[in-house]
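Right, one structure below, let's go through it.
What follows draws every value from the coordinates through simple rules; no lab data is involved. Just so it is clear, the structure is predicted and the values come from calculations on it, not from any experiment. All Cβ positions, glycine included, derive from the backbone under ideal geometry; neighbour counts span all protein chains shown.
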C-alpha cells in the first residue's frame, strides 16, 4: 500500500474518532437515557467543548471527500511521489493537530494548522497535473 493510501486510511480512522468525540461529549452532558432514546430533539449544549468537537468534526467532513478524491486520483494516475506523500502527511497531521486546538478554543494557531492541512490537500490534488 502506498504512503498516500496509508494516510488516507489513517484519516478515515481519525474521522471515526471525530464521530465518537462529540457523541461522547453529548452523552456525558445529556445522559445515557437521551442517547438511547430517539433524540427527536437535541437540547442546546451548555458546554463549549461539545460544540467545539461538533464543529471540528464538521470541519473535517467538509474537506474529507476532497482528500479522498485527490488521493484516489493521484493513485490511479500513478502520480504518487514526494509531492503526494508530503501532501498526504500534511493533511493528516494537520487534521490531527486541529482537533485539540479547536477543542481547547485556541484561535489563530488553529487556523494556521487548518491552512497547513489545506496546503497538503492542494499538493495531492495538483500532483497529477505537474
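The table for this structure:
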{"item": "Shape category assigned to segment 79-130 from the gyration tensor of Cα positions, a/c cut at 1.5", "result": "prolate"}
{"item": "Ranked list, fewest to most other Cβ atoms within 10 Å of each Cβ, for 42, 84, 63", "result": "42, 63, 84"}
{"item": "Contour excess over end-to-end distance, with Cα ends at residue 76 and residue 10 and 0.36 nm allotted per residue", "result": "21.8 nm"}
{"item": "Rg/Rg_ref, segment 36-97, where Rg_ref = 2.2 N^0.38 Å and atoms are Cα", "result": "1.62"}
{"item": "Fluctuation leader among 116, 96, 76 - the chain, Gaussian network, Cα springs under 10 angstrom", "result": "76"}
{"item": "For q = 0.11, 0.15, 0.19 Å⁻¹, Debye-computed log10 I/I(0) when each Cα of the chain counts as one equal scatterer", "result": "-0.44, -0.72, -0.96"}
{"item": "Isotropically averaged projected area of segment 2-46, using the convex hull of Cα atoms (one quarter of hull area), nm²", "result": "4.0 nm²"}
{"item": "Gap separating the Cα centres of segment 105-130 and segment 4-34, nearest whole Å", "result": "22 Å"}
{"item": "Efficiency of FRET from Cβ geometry, residue 41 and residue 112, R₀ 35 Å, rounded to 0.05", "result": "0.40"}
{"item": "Top of 53, 72, 32 by mean-square fluctuation, Gaussian network on the chain, Cα under 10 Å", "result": "32"}
{"item": "Top of 87, 37, 105 by mean-square fluctuation, Gaussian network on the chain, Cα under 10 Å", "result": "37"}
